[in-house]
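K.L.:
Here it is, the structure in full.
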There are 2 protein chains.
Amino acid sequence: MDISALLTSAGINIGVCVVLLSLYSVLRKQPSNVGVYFGRRLVSVCSRPSDPFSFERFVPSPSWIVKAWETTEEEILATGGMDAAVFLRMVVFSIRIFSVAVVICFFLILPVNYHGQEMRHKRIPLESLEVFTIANVKEGSKWLWTHCLALYIITCSACILLYFEYKSIAKMRLKHITGAPPNPSHFTVLVRSIPRCSHETYSETVNKFFTKYHSSSYLSHQMVYRSGRVQKLMTNAEKMYMTFKAAAHEQNCQPSFMPRGLCGGPTKSFEIVSRETDNISGKTGFGDLDLATIRKECAAAVIFFKTRYAAVTTAEVLQSSNPMLWVSVLAPEPHDVYWSNLCIPYRQLWIRKIGTLVASIAFVLVFLIPVTFVQGLTQLDQLQQTFPFLRGLLKKKFMNQVVTGYLPSVILILALYTVPPTMMVFSAVEGSISRSGRKRSACCKVLYFTIWNVFFVNIFTGSVISQLSFFSSVKDIPAQLAKAVPRQASFFMTYVLTSGWASLSCEVMQFLALFCNLVKRFVLRIKDDSSNCTFSFPYHTEVPRVLLFGFLGFTCSILAPLMLPFLLIYFSLAYLVYKNQILNVYVPKYESEGQYWPIAHNTTIFSLVLSQIIALGVFGIKRSPVASGFTIPLIICTLLFHEYCRQRFLPIFKVVPAEVFIEMDQKDEQCGRMEEIYQKLHSAYRQFTETPHELCRSECLNHHDDGKSISDPEKLNPGKEADQLNGSSSCNLDIAETSKK
Amino acid sequence: MDISALLTSAGINIGVCVVLLSLYSVLRKQPSNVGVYFGRRLVSVCSRPSDPFSFERFVPSPSWIVKAWETTEEEILATGGMDAAVFLRMVVFSIRIFSVAVVICFFLILPVNYHGQEMRHKRIPLESLEVFTIANVKEGSKWLWTHCLALYIITCSACILLYFEYKSIAKMRLKHITGAPPNPSHFTVLVRSIPRCSHETYSETVNKFFTKYHSSSYLSHQMVYRSGRVQKLMTNAEKMYMTFKAAAHEQNCQPSFMPRGLCGGPTKSFEIVSRETDNISGKTGFGDLDLATIRKECAAAVIFFKTRYAAVTTAEVLQSSNPMLWVSVLAPEPHDVYWSNLCIPYRQLWIRKIGTLVASIAFVLVFLIPVTFVQGLTQLDQLQQTFPFLRGLLKKKFMNQVVTGYLPSVILILALYTVPPTMMVFSAVEGSISRSGRKRSACCKVLYFTIWNVFFVNIFTGSVISQLSFFSSVKDIPAQLAKAVPRQASFFMTYVLTSGWASLSCEVMQFLALFCNLVKRFVLRIKDDSSNCTFSFPYHTEVPRVLLFGFLGFTCSILAPLMLPFLLIYFSLAYLVYKNQILNVYVPKYESEGQYWPIAHNTTIFSLVLSQIIALGVFGIKRSPVASGFTIPLIICTLLFHEYCRQRFLPIFKVVPAEVFIEMDQKDEQCGRMEEIYQKLHSAYRQFTETPHELCRSECLNHHDDGKSISDPEKLNPGKEADQLNGSSSCNLDIAETSKK
């Protein structure tokens, strides 16, 4: 592939991006699309915009970009939660480090590569891409120290940035925990694998155990029930009842919004409803449930403690002399609990985990087939041999460029779309007890999958085509990588262009939601917004994507620096697009409080070390013992740095330190807020009442704004919503998420 | 090597063993050797045996064997502590499983191997050992299912035995913890990395922190001091003073024993001494120390809590929002604390651990040199080429047999003697906070070392001599192992004979101690027993040895079953010898409460899986797809079993369950024993007072027997000592241990 082919590819992509982004800036102004592009705002401010017809609506404008640019981190933290802020930090980190890399590589490495061989250079557009990679530097060149130096500078900047990011995110996390209003999950422990007693129910066993061993701190408990048919019917009935009841009571909130439980009306009327429904659920709900479900209790319970410290100690310390009984963990937040997984017997969990692992590996292996096919496409002569009728078509230069530069990546991307849902299923089967945990686990799986399938398989099938013998030689891996990576650099470059840029345009356009909206509006003729769904941010697809591009950037930076500008454009665009989406589209439903950062940190370290190993291989091939010699201490230092960070920061992301919890307890006790918290605790975890009235209540208890009618969605001020995060997260049905997958 | 060479080797070894054991049975009856062979008994019963001259003393007798055989596990538990009992369990487990293996292999596999090829058999003594290994079975043989079946039977029996052993040892551990008298270490937390405040001492910082965050359960604390010269001098002075003081006071205890602090006299007089010395240390000791050491406080402290549960929660839960500060762990037992390591700054620890790891790997690599030399000796023609003058000597058949069958192992064993002390140094440098932890860590290192250097290096250098290319091929490892292991079987057999049997004879003879004793008595003419040292059981050398032989047994069982009887003899002998040594020689100084068992369990599983992988390779080479097919599920099941055991039992060996501690707390509170325990707590951890009076006091508080004079050491009844374990452990100077290394 030469420069002109690359430029063709870039041209196509830039065109597509510009068209899509312009289209977006028009579409988002159409009132009919408010549900698609302003899902989050609709949730927090419960009224429809008015519908004035104006010419302005059909002119593309960059206002959304300006808006996204101007939003500060505090606003993001308030609207999107801490996970969103951490995600944007990842993007910002990438922008920073690749800005450094692009400067270093363009001034230091690119000239060395270009003049590496004594050859007559063609005009630059006709020059092969190979001329700009390290493959063009001749063996034993004295200029290889520049590559080594660049590697040092990039690694050091990356480590310094990583350290300060980790530190500041750890601080942010602790601040977020202490600053938030009392969180019921801090007082709550989830106990599983309660032993069965023949003469008493699980509930009695739990009560006995905790009054015996934790009498001073034990408050109460609540059993987890197997969700049988009776429960489902009752929940549905209650849901229906509440819908009508609420609709009859509510005047300030438009009725069309009610079935989704989205409302911003005055709080009082809601409090009446809530109180009434509390009575109802007291009479019909749990009173009857107890009788109906006495045989359907699971061996799991939610235990409430009097202090946060007592809860955390119970969760951390081994409870029983049989470690498979009374297994306790700190409970997830109420809306985050994945109830159906709580009933899985604890004994099955380890088998499930191993099973999922095996299934994931199997999935990776099956996935090789489309990837090798895709890889075949990049080698035209193979393709012509397989499909002889294509020969005429492929002889045309333009088609040739499209096929080599564009098509392979598109196929790969389409195949990759099946991965996240599969991994989500795996993570659910694995037995995660929280939705955020499930998403995080899926995120890791998708990440491994992506890095393996996009990078390694392409590298190895590209270089040792159809010989999967790369397993047999451990010692040669650096050298093999060093040979293969520069050769595959053009593929990765087009991958950044297609997958990266295009995915951002798709992200901003929300094709699926837009399509559903159109079908509904013009085919099914439903004018009602009621079935509009809001999504939570798809971290399990977006985090791996951003990290994959970072990974490609690090591994290719000193080998094929021409990729870096494309990458930098990608990250800058990503920054704006994701910020916009977090502000307008996605609704934070649950919070992992920054637990995505360790994943990003580890991946970055892995990328750095791999790029160093590849550089080691390259220096070996190019016979530069000095450069190789200097690379080895760099690898060791990077690993030591990683180990230090792991010791210094990781524990905070796993548990909350006792110090913090004790201080919070002491503060609450001094303020006399404990009784109030205890009362809230009892109603926080409800397995079968995620009905509209519940959602609305938690919504409205936190929303005290006046729900003005807004004429233009653009004029919504994210600053206003700063104090509305807590609670709004619950206002959405979970169907949304599964349909997104 | 043929059968007759093997028998020569066996003959030499049996001869050596019989001679040494007879010599032992004579030597142990000599009163002058009491200090060597009855160290433990001397400690617990404080008087010298009388010295009657009789002919009986010079006749070898098997009475010690009978005695060892008759001792029950309860007696071992009482005299040697739980670690000794667990160690014997390892030996018993090996006896059991190899009894099964020997039956299976001799009736099922040996005939198949022997008649594997269609060949004319020589007379059995002249038959090569290869004829009895799996190498003799021809390719594609239909009889390979017998090997597969044997593998199944051995694996299943091993897993069943392992499961019940693990279960019973876990139970024993919990019983041991609950049954023992109140242990100060359960109430104590070791805090390291206390942050430095400019305006206050560490002690004030600690006090402030714990009164702020753990006010309800915090009792008091005690700082750790850097042991400077002043402290050492003062300790020595106090030691001297106490020695004279005690000598002057004591009438019932023989003066000659005093300097060692070994005494069994009535308790009252001791209590007087103790009280007096308490006053003294109150005046001269800590009062002055506080002034002298105000600048020498370490950033570490011992914190006492009011309940065991409070201590365990503080130790388990992350304390500070900076995980590198206020690092807390449950303290080791008072005599087990490795004080000098407590002053190591916590920040260094991770670097130290990595450094030790690297150093260990380097050590393993340097060690290759003697091992390859040893391996060269087994190949006679190579030896003759290197040393031509040996040619005449080596042509003699007997010499040939000695050199091939005996010499290599002897050299290897001598080289291996340098390993345990080195590993002990590594473990100390690593920063273990307890002596038992250091020993356990050294045990693991020695284990890895031994398995790697005895098994793998021999296998690989033996088969691919001087080509260290085994790293390059991962896929071929099973096949390579399958080729190499049967070929090296004869080496392993002689290794069992020499290293195994001979090491047991050496163990029982205690050559080093005997030699020191002789030198002292006849060269230096010291008739005093005072400088006699007692050792604690060298788990770091004996556990790896027993596990190594188990490992060799598993890997060779179906490939070269002729090894099994030798192994079985080894284990039976080991059972008797170690039991005798535990009863008579070694003194339990500290207790890890069965934490050696997980090491044994993991090693056994590793051995099983490796033997299965080797079998897989063999079946592959022999072209038996059915047998290979059946082996793969066996590997998977073994790994699943391991994972299950890890989940089910391992946590109990890491921490004590809250349930157990809370019950103990409640019991003590009901009995009103808490105040008494608190008072003992304050004096339990003393860094600079391991002087004789202290040792004696702790000794005598626990010893309430009447110290009768005994005429024959044989007549000591171990049953009597059942209640004397706790406390006697302190009665020995630590020099003993270092000199043992």
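The values are calculated or read from the model by the stated rules, or taken from the named source; none is laboratory data. The model shown is predicted, which means the values in this text are computed figures rather than measured ones. Every residue, glycine among them, receives a Cβ derived from its backbone with ideal geometry; neighbour counts consider all protein chains shown.
K.L.:
State all residues of the stretch A:137-153 that are in a helix (DSSP H, G or I) and surrounded by fewer than 19 Cβ atoms within 10 Å (Cβ to Cβ); if no residue qualifies, say none.
P.N.:
Residues of the stretch A:137-153 that are in a helix (DSSP H, G or I), as a first pass: A:144-153.
If the condition is that a residue be in a helix (DSSP H, G or I) and surrounded by fewer than 19 Cβ atoms within 10 Å (Cβ to Cβ), then A:Trp145, A:Leu149, A:Tyr152, A:Ile153 are the ones that fit.
K.L.:
Could I ask something else about it? Residue under question is A:Ala310, and the condition is that it be part of a strand (DSSP E or B) and either modelled with pLDDT of 90 or more or under 30 Å from B:Val660 (Cα atoms) (or both); does it hold? Walk me through how you get there before you give the answer.
P.N.:
On the way: part of a strand (DSSP E or B): no; either modelled with pLDDT of 90 or more or under 30 Å from B:Val660 (Cα atoms) (or both): yes.
When the stated conditions are applied, A:Ala310 does not pass them.
K.L.:
Could you list, in sequence order, all residues of the stretch A:614-625 that are surrounded by fewer than 19 Cβ atoms within 10 Å (Cβ to Cβ) and either modelled with pLDDT of 95 or more or part of a loop (DSSP other than H, G, I, E, B) (or both)? It would help to see each step written out before you state the result.
P.N.:
Residues of the stretch A:614-625 that are surrounded by fewer than 19 Cβ atoms within 10 Å (Cβ to Cβ), as a first pass: A:620-621, A:623, A:625.
Result: A:Arg623, single match.
K.L.:
Within the stretch B:659-691, restricting attention to residues that are outside any helix (DSSP H, G or I) and on the phi < 0 side of the Ramachandran plot, which residue is farthest from the other protein chains (Cβ to nearest Cβ)? Walk me through how you get there before you give the answer.
P.N.:
Of the residues in the stretch B:659-691, the ones outside any helix (DSSP H, G or I) are B:672-673, B:685-691.
Add one more test, that the residue is on the phi < 0 side of the Ramachandran plot, and what stays is B:673, B:685-691.
On the way: B:Arg673: 20, B:Tyr685: 23, B:Arg686: 29, B:Gln687: 27, B:Phe688: 31, B:Thr689: 33, B:Glu690: 32, B:Thr691: 37 Å.
Out of the qualifying residues, it is B:Thr691.
K.L.:
When B:Lys589 is evaluated against the numbered criteria (1) surrounded by 22 or more Cβ atoms within 10 Å (Cβ to Cβ); (2) in a helix (DSSP H, G or I), which criterion, by number, is the only one it fails?
P.N.:
It fails just one condition, (2).
K.L.:
Please determine whether any residue of the stretch A:561-570 is among the aromatic types (Phe, Trp, Tyr) and not in a helix (DSSP H, G or I). Show your work before the answer.
P.N.:
Of the stretch A:561-570, the ones among the aromatic types (Phe, Trp, Tyr) are A:566, A:570.
The next check asks that each one be not in a helix (DSSP H, G or I); those that pass are none.
Within the stretch A:561-570, none of the residues are among the aromatic types (Phe, Trp, Tyr) and not in a helix (DSSP H, G or I).
K.L.:
Going by the structure shown, is B:Ser198 in contact with a Gly (Cβ under 8 Å, 6 or more places away or on another chain) and either in a loop (DSSP other than H, G, I, E, B) or among the aliphatic types (A, V, I, L, M) (or both)?
P.N.:
Working: in contact with a Gly (Cβ under 8 Å, 6 or more places away or on another chain): no; either in a loop (DSSP other than H, G, I, E, B) or among the aliphatic types (A, V, I, L, M) (or both): yes.
It is false that B:Ser198 is in contact with a Gly (Cβ under 8 Å, 6 or more places away or on another chain) and either in a loop (DSSP other than H, G, I, E, B) or among the aliphatic types (A, V, I, L, M) (or both).
K.L.:
Could you give every pair whose Cβ atoms fall below 6 Å, whose first residue belongs to the stretch A:9-34 and is more than 14 Å from A:Met509 (Cα to Cα) and assigned by TED's automatic domain parsing to the domain that holds A:Ser505, and whose second residue is assigned to a helix (DSSP H, G or I) and hydroxyl-bearing (Ser, Thr, Tyr), counting only separations of at least 6 or pairs across chains?
P.N.:
Sorted first by the residue in the stretch A:9-34, then by its partner, the pairs are A:Ser9/A:Thr494.
K.L.:
Could you check how many residues of the stretch B:154-167 are touching a residue at least 40 places away in the same chain (Cβ under 8 Å) and surrounded by fewer than 16 Cβ atoms within 10 Å (Cβ to Cβ)? Quick ask: steps written out before the conclusion?
P.N.:
Of the stretch B:154-167, the ones touching a residue at least 40 places away in the same chain (Cβ under 8 Å) are B:154-155, B:157-159, B:161-163, B:165-167.
Cutting the leftovers down to surrounded by fewer than 16 Cβ atoms within 10 Å (Cβ to Cβ) gives us B:167.
Of the residues in that region, 1 qualify.
K.L.:
Among the numbered conditions (1) without any contact (Cβ under 8 Å) to a residue 60 or more places away in the chain; (2) not small (Gly, Ala, Ser); (3) not in a loop (DSSP other than H, G, I, E, B), tell me where A:Lys353 comes up short.
P.N.:
(1)
K.L.:
Looking for whichever is at pLDDT 90 or above and in a helix (DSSP H, G or I) here; the options are B:Ser611, B:Ser628. Which one fits? I'd like the intermediate steps shown before the answer.
P.N.:
Details: B:Ser628 fails: at pLDDT 90 or above.
So the residue among B:Ser611, B:Ser628 that is at pLDDT 90 or above and in a helix (DSSP H, G or I) is B:Ser611.
K.L.:
Can you tell me which of A:Leu174, A:Leu190, A:Leu161 is over 30 Å from A:Leu219 (Cβ atoms) and of a type outside the set (Lys, Arg)?
P.N.:
Details: A:Leu174 fails: over 30 Å from A:Leu219 (Cβ atoms); A:Leu190 fails: over 30 Å from A:Leu219 (Cβ atoms).
When all the criteria are applied, what remains is A:Leu161.
K.L.:
Regarding A:Ala560, is this residue more than 14 Å from every other protein chain (Cβ to nearest Cβ) and at pLDDT 90 or above? Quick ask: steps written out before the conclusion?
P.N.:
Details: more than 14 Å from every other protein chain (Cβ to nearest Cβ): yes; at pLDDT 90 or above: no.
Criteria not met by A:Ala560.
K.L.:
Just one of (1) surrounded by fewer than 20 Cβ atoms within 10 Å (Cβ to Cβ); (2) modelled with pLDDT under 90; (3) over 30 Å from B:Met674 (Cα atoms) trips up B:Asn341, so point out which.
P.N.:
Condition not satisfied by B:Asn341: (1).
K.L.:
Also, I was wondering about something else. Based on this model, can you work out whether A:Glu204 counts as assigned to a loop (DSSP other than H, G, I, E, B) and at pLDDT 65 or above? Give the derivation first.
P.N.:
Details: assigned to a loop (DSSP other than H, G, I, E, B): no; at pLDDT 65 or above: yes.
In short, no.
K.L.:
Condition check: without any contact (Cβ under 8 Å) to a residue 60 or more places away in the chain and either away from every other protein chain (no Cβ under 14 Å) or not in a helix (DSSP H, G or I) (or both). Does B:Asn602 satisfy that? Lay out the reasoning, then the answer.
P.N.:
Numbers: without any contact (Cβ under 8 Å) to a residue 60 or more places away in the chain: yes; either away from every other protein chain (no Cβ under 14 Å) or not in a helix (DSSP H, G or I) (or both): yes.
So B:Asn602 fits the description; yes.
K.L.:
Go through B:Ala310, B:Ala331, B:Ala301 for me and flag whichever is away from chain A (no Cβ under 14 Å), within 22 Å of B:Arg673 (Cα to Cα) and among the small types (Gly, Ala, Ser). Full working, then the answer.
P.N.:
On the way: B:Ala310 fails: away from chain A (no Cβ under 14 Å); B:Ala301 fails: within 22 Å of B:Arg673 (Cα to Cα).
On inspection, the qualifying residue turns out to be B:Ala331.
K.L.:
Considering only the stretch A:175-196, how many residues are of a type in the set (A, V, I, L, M, F, W, C) and surrounded by fewer than 18 Cβ atoms within 10 Å (Cβ to Cβ)? Working first, answer last.
P.N.:
Step one: list which residues in the stretch A:175-196 are of a type in the set (A, V, I, L, M, F, W, C), which gives A:177, A:180, A:187, A:189-191, A:194.
Now narrow it down to the ones that are surrounded by fewer than 18 Cβ atoms within 10 Å (Cβ to Cβ): A:180.
The number of residues fulfilling the criteria is 1.
K.L.:
What pairs come out if I take residues in the stretch A:502-531 that are more than 26 Å from A:Lys579 (Cβ to Cβ) and of a type in the set (A, V, I, L, M) and pair them with residues that are at pLDDT 80 or above and surrounded by 15 or more Cβ atoms within 10 Å (Cβ to Cβ) whose C-beta lies under 9 Å away, six or more apart or interchain?
P.N.:
Here the result reads A:Ile526/A:Lys520, each pair linking the stretch A:502-531 to a residue that is at pLDDT 80 or above and surrounded by 15 or more Cβ atoms within 10 Å (Cβ to Cβ).
K.L.:
With the requirement that a residue be assigned to a helix (DSSP H, G or I) and within 7 Å of chain A (Cβ to nearest Cβ), what does the stretch B:645-658 give you?
P.N.:
In the first step, residues of the stretch B:645-658 are kept if they are assigned to a helix (DSSP H, G or I); the result is B:645-648, B:650-654, B:658.
B:Gln647, B:Arg648, B:Pro651, B:Ile652, B:Ala658, listed by residue number.
K.L.:
Residues in the stretch B:478-516 that are of a type in the set (Val, Ile, Thr) and over 16 Å from B:Thr133 (Cβ atoms): how many? Break it down stepwise before answering.
P.N.:
Within the stretch B:478-516, the subset of a type in the set (Val, Ile, Thr) is B:485, B:494, B:496, B:498, B:508.
Retained after the next criterion (residues that are over 16 Å from B:Thr133 (Cβ atoms)): B:498, B:508.
Matching residues across the stretch B:478-516 total 2.
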